[in-house]
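Visitor: Got a structure for you, questions after.
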Amino acid sequence: MEITALKGIGEKTAGLFHKLQVYTAEDLVHYYPRDYEYFSDPVDLSQADPNEMTAVAGQIRGNIATRHVRGLSITSFEAVCTGGGTLHMTYFNMPYLKNSLKKDTTYIFRGILQQKGNRLSMEQARMYKPEEYQKMADHMLPRYSTTKGLSNNAITKAMRQAIAAADLSEDYLPEFIRAEEGLCSLEEAVRQMHFPDNREMLVKARERLVYDEFLLFILMIRRMRESNEEIRNQYPMICVAQTGRLIEALPYRLTQAQQNVWSQIQADLTSDHTMNRLIQGDVGSGKTILAFLALIMCVANGYQGAMMAPTEVLAAQHFETLTQLQKQYDLPICPVLLTGSTPAKERKVIYAQIESGEANVILGTHALIQDKVIYHNLALVITDEQHRFGVRQRESLAQKGNTVHVLVMSATPIPRTLAIILYGDLHISVLDELPANRLPIRNCVVNTSYRDTAYRFIEKEVAAGHQVYVICPMVDEGEAEELENVVSYTAKLKGTLDSSVQIAALHGRMKAAEKKRIMEAFAARQIDVLVSTTVIEVGINVPNATVMMVENAERFGLAQLHQLRGRVGRGKEQSYCIFMSGSQKTETMARLKILNESNDGFYIASQDLKLRGPGDLFGIRQSGDLHFALGDIYQDAGILQRASERADRIMAEDTALAGAQYASLRAHIERAAINEVDFRTI
């Protein structure tokens, strides 16, 4: 059923839903909340915790004053709270409050409580009449990721209609599995996920949906492994002198870990069986040079090799680097770059070069798997930052050749116990050593009182000719009042930092061409400070960037914070990472300070695994790069293990899922394999 079939959704509103990848009522039903708003009972000011979302009752006393500063109207007043204490209230660009608020009338003020010296205050707090607030008390209201023009309220209204219209009675998970695993029905899970009766029901609903995600994903991986195991090598190779000469000529020595992994790759390519290998290593551990060596070995043996990157900017950087190596060391390769923005005339020429075999190293994005691309004798396929590609995409590239060698790379340092489950169809190589010439990043974990000091430090680094990343968890104002967002933060920085500092914003809702333009401008040093969401996790290599500041660091997993930190420290200059926490809770600060202890991604990932638990369902955003819709491999490691064990039992019993009891499950897996929105994780 098209989204326009729902009451109140015309073509214009449908276009806004399309921006969220929601086209049908069924898509909407599976568009889950990113968190929930819980309206707890108002508390006395003396019992409230600073930097936390708080509701207090109070009355306005004294004057309501409005002043104007550089085009900004600031309205402020004092509220005397029930139970004692005074709260200083501030509102920006809301001058109408002066006429609409009534003195000596009780309101519920709900916002982030801030303490500045001896004064307690709130900014932009929401105000409710007591009877209005009482209706919402003890309810968990869903908060969805929104887009400009489409409010959370509009999505919620549409969601109620979509759930009422959806047929969720058919459950693809067999009843005996649900009983043995203690899982609720799909229908109950979906309804409770959107509109939970209470927290306990939400936990049960989420457990079922996360279990489904993991089970379906693992079954797909297991089935790929069944078909890939022990495939005879159709492209036998020999070790070649060109790779050895390049290793000797490089201006740096390969680390021992790189040498070990290179030996494993050579052994795979010269063995009797096709290579299926994952290189797992921290950002900066040297995966790319190993990929280039594999491509050179492939070409020297008379074959073609292809390397697919998740973004055009990254693909272009790989092409430029490889072209420089080819010219500098006279390598026997002819690289070409093929992306979605390659001009049609140039694309035709490249197609012909690929088909004739003249182009023997093909670098690019998803354009490499288009039907029009015909390879001459493709023998090796490499996917960089492989978690960004779906199962179907990786298969599509591999199928461009005849049972080709596959090498995939990941910068996500996942603990080995989980990696074996998630990458069950691959042999795993680990790069656990960084080049000796890298200066360790200096880290600090601070609260928001340090922000002004951080701004002065950023100005100092920019004045020294360096560049800065600032990460915010949200895109737009209104998504979550307590969190920093890219749009407002960029405006705030422009008014705070020196006018000579060039500042730009970047986030995932921008059009691809605009994102590419901004990333290229940052790489070209035309932008000093880039305010971004985590879209830069997999992006560009900017050795000149020396500072990474993460706002609301408490809302990210440790593994993801480590990934973000990997964007700096790539050059010769000392680099810094500032983790700004909006919460001063002891356990929050202790968790973040693990990042001070180590720059080792595998150690941090193991600590993340120990610290994450089912108690904090939505307080921490998805960690790492395995972007399941709901599941988090750290927080939900126990569910992942259960799903893995169940997948093994199912495969042992019925590899093809041909039995009647698995008919619905098999059909669901086949639909999911086609739908890359559901499975973006390998």
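The values are calculated or read from the model by the stated rules, or taken from the named source; none is laboratory data. Just so we're clear, the structure is a prediction, and the values are computed from it rather than from any experiment. Cβ: placed from backbone, ideal geometry, glycine included. Neighbour counts: every protein chain shown. Remember, those area values only see protein heavy atoms, side chains included, never the ligands or the DNA or RNA. Shrake-Rupley method; radii C 1.70, N 1.55, O 1.52, S 1.80 Å.
Visitor: Restricting to the stretch 274-300, what's the tally of residues that are in contact with a helix residue (DSSP H, G or I) (Cβ under 8 Å, 6 or more places away or on another chain), under 15 Å from Thr255 (Cβ atoms) and open to solvent by 10 Å² or more (accessible area, probe 1.4 Å)?
Guide: Qualifying residue count for the region: 5.
Visitor: Could we say that Arg525 is over 22 Å from Val462 (Cβ atoms) and open to solvent by 30 Å² or more (accessible area, probe 1.4 Å) here?
Guide: no
Visitor: Give the residue that is surrounded by the fewest Cβ atoms within 10 Å (Cβ to Cβ), with candidates limited to residues of the stretch 149-166 that are in a helix (DSSP H, G or I) and of a type in the set (S, T, N, Q).
Guide: Step by step, filter the stretch 149-166, then rank; the result is Asn153.
Visitor: Tell me which residues, restricted to the stretch 481-498, are assigned to a loop (DSSP other than H, G, I, E, B) and under 24 Å from the mean Cα position of the chain (by Cα).
Guide: Glu481, Glu482, Leu483, Glu484
Visitor: Next question, about the same structure. What pairs can you find where one residue is in the stretch 189-215 and of a type in the set (Asp, Glu), the other is not in a loop (DSSP other than H, G, I, E, B), and their Cβ atoms are less than 8 Å apart, with a gap of 6+ or different chains?
Guide: As it stands, the answer is Glu207/Ile639; Asp212/Leu186, since those pairs meet every condition given.
Visitor: Tell me the residue from Gly62, Gly117 that is in contact (Cβ under 8 Å) with a residue 12 or more places away in the chain and on the phi > 0 side of the Ramachandran plot, please.
Guide: Gly62
Visitor: Taking the conditions exactly as written (among the aromatic types (Phe, Trp, Tyr), closer than 18 Å to Leu431 by Cβ, open to solvent by 10 Å² or more (accessible area, probe 1.4 Å) and over 29 Å from the mean Cα position of the chain (by Cα)), does Tyr303 satisfy them or not?
Guide: Spelling it out, it is not the case that Tyr303 is among the aromatic types (Phe, Trp, Tyr), closer than 18 Å to Leu431 by Cβ, open to solvent by 10 Å² or more (accessible area, probe 1.4 Å) and over 29 Å from the mean Cα position of the chain (by Cα).
Visitor: Oh, and also: Considering Cys298, Cys334, which residue is more than 24 Å from Thr403 (Cβ to Cβ) and over 29 Å from the mean Cα position of the chain (by Cα)?
Guide: Selected residue: Cys334, the only one of Cys298, Cys334 that is more than 24 Å from Thr403 (Cβ to Cβ) and over 29 Å from the mean Cα position of the chain (by Cα).
Visitor: Of all residues in the stretch 452-494, which are modelled with pLDDT of 85 or more, among the acidic types (Asp, Glu) and touching a Lys or Arg at 6+ places or on another chain (Cβ under 7 Å)?
Guide: Answer for the stretch 452-494, where residues must be modelled with pLDDT of 85 or more, among the acidic types (Asp, Glu) and touching a Lys or Arg at 6+ places or on another chain (Cβ under 7 Å): there is none.
Visitor: Take the stretch 178-188 and flag every residue that is in contact (Cβ under 8 Å) with a residue 12 or more places away in the chain and assigned to a loop (DSSP other than H, G, I, E, B).
Guide: Passing the criteria: Leu183, Cys184, Ser185.
Visitor: Same structure again: Examine the stretch 315-330 for a residue that is among the aromatic types (Phe, Trp, Tyr), crowded, with 19+ Cβ neighbours inside 10 Å and without any contact (Cβ under 8 Å) to a residue 60 or more places away in the chain, and state whether such a residue exists.
Guide: Checked the stretch 315-330: at least one residue is among the aromatic types (Phe, Trp, Tyr), crowded, with 19+ Cβ neighbours inside 10 Å and without any contact (Cβ under 8 Å) to a residue 60 or more places away in the chain.
Visitor: Collect the residues in the stretch 281-301 that are touching a Phe, Trp or Tyr at 6+ places or on another chain (Cβ under 8 Å) and not in a helix (DSSP H, G or I), keeping them in residue-number order.
Guide: Listed by number, the residues that qualify are Asp282, Asn301.
Visitor: When both residues are 6+ apart or on different chains and their Cβ atoms are under 7 Å apart, which pairs have a first residue that lies in the stretch 44-56 and is within 20 Å of Thr106 (Cβ to Cβ) and assigned to a loop (DSSP other than H, G, I, E, B), and a second that is open to solvent by 20 Å² or more (accessible area, probe 1.4 Å) and among the small types (Gly, Ala, Ser)?
Guide: Asp44/Gly83; Asp44/Gly84
Visitor: Also: For Ser449, work out the one condition from (1) open to solvent by less than 20 Å² (accessible area, probe 1.4 Å); (2) modelled with pLDDT of 80 or more; (3) not in a loop (DSSP other than H, G, I, E, B) it doesn't fulfil.
Guide: Against the list (1) open to solvent by less than 20 Å² (accessible area, probe 1.4 Å); (2) modelled with pLDDT of 80 or more; (3) not in a loop (DSSP other than H, G, I, E, B), Ser449 comes up short only on (1).
Visitor: Could you look through the stretch 499-517, keep only residues that are among the charged types (D, E, K, R) and part of a helix (DSSP H, G or I), and pick out the one that is nearest to the chain's Cα centre (by Cα)?
Guide: Lys515
Visitor: Can you list residue pairs whose Cβ atoms sit under 8 Å apart, with the first residue in the stretch 84-102 being closer than 25 Å to Ser488 by Cα and the second being open to solvent by 40 Å² or more (accessible area, probe 1.4 Å) and in a loop (DSSP other than H, G, I, E, B)? Count only pairs 6 or more apart in sequence or on different chains.
Guide: Qualifying pairs under 8 Å: Thr90/Gln124; Tyr91/Gln124; Phe92/Gln124.
Visitor: Please go through (1) surrounded by 15 or more Cβ atoms within 10 Å (Cβ to Cβ); (2) farther than 26 Å from Gly659 by Cβ; (3) over 29 Å from the mean Cα position of the chain (by Cα) for Gln234 and return the number of the only condition it doesn't satisfy.
Guide: Single failed check for Gln234: (1).
Visitor: Residue under question is Ser169, and the condition is that it be open to solvent by 20 Å² or more (accessible area, probe 1.4 Å), at pLDDT below 90 and in contact with an Asp or Glu (Cβ under 8 Å, 6 or more places away or on another chain); does it hold?
Guide: Criteria met by Ser169.
Visitor: Same structure again: Given Ala179, Ala257, which one is farther than 23 Å from Gly638 by Cβ and either open to solvent by less than 40 Å² (accessible area, probe 1.4 Å) or small (Gly, Ala, Ser) (or both)?
Guide: It is Ala257.
Visitor: Here is a follow-up. Identify, please: which residue in the stretch 369-408 is assigned to a loop (DSSP other than H, G, I, E, B), β-branched (Val, Ile, Thr) and more than 21 Å from Arg347 (Cβ to Cβ) and is, among those, modelled with the lowest pLDDT?
Guide: Thr403
Visitor: Restricting to helices (runs of 4 or more DSSP H) lying wholly in the stretch 544-647: which have 3 or more residues that are within 20 Å of Val445 (Cα to Cα) and at pLDDT below 80?
Guide: By residue number, 601-611.
Visitor: Please indicate, with yes or no, whether at least one residue in the stretch 130-139 is closer than 21 Å to Glu11 by Cα and of a type outside the set (A, V, I, L, M, F, W, C).
Guide: no
Visitor: Identify, please: which residue in the stretch 2-61 is under 26 Å from the mean Cα position of the chain (by Cα) and modelled with pLDDT under 85 and is, among those, most open to solvent (accessible area, probe 1.4 Å)?
Guide: Tyr38
Visitor: Can you confirm whether the stretch 31-43 contains a residue that is of a type in the set (Asp, Glu), in a loop (DSSP other than H, G, I, E, B), out of contact with any Cys (no Cβ under 7 Å at 6 or more places or on another chain) and in contact (Cβ under 8 Å) with a residue 24 or more places away in the chain?
Guide: So far as the stretch 31-43 goes, yes, one or more of its residues are of a type in the set (Asp, Glu), in a loop (DSSP other than H, G, I, E, B), out of contact with any Cys (no Cβ under 7 Å at 6 or more places or on another chain) and in contact (Cβ under 8 Å) with a residue 24 or more places away in the chain.
Visitor: How many of the residues in the stretch 62-81 are under 28 Å from Ala491 (Cβ atoms), open to solvent by 70 Å² or more (accessible area, probe 1.4 Å) and assigned to a strand (DSSP E or B)?
Guide: Looking only at that region, the number is 2.
Visitor: Conditions: (1) in contact with a helix residue (DSSP H, G or I) (Cβ under 9 Å, 6 or more places away or on another chain); (2) acidic (Asp, Glu); (3) within 22 Å of Val22 (Cβ to Cβ). Glu187 meets all but one. Number of the miss?
Guide: Looking at each condition in turn, Glu187 falls short on (1).
Visitor: What residue, of Ala436, Ala411, Ala419, is at pLDDT below 85, open to solvent by less than 70 Å² (accessible area, probe 1.4 Å), closer than 24 Å to Ser263 by Cα and out of contact with any helix residue (DSSP H, G or I) (no Cβ under 9 Å at 6 or more places or on another chain)?
Guide: Ala419
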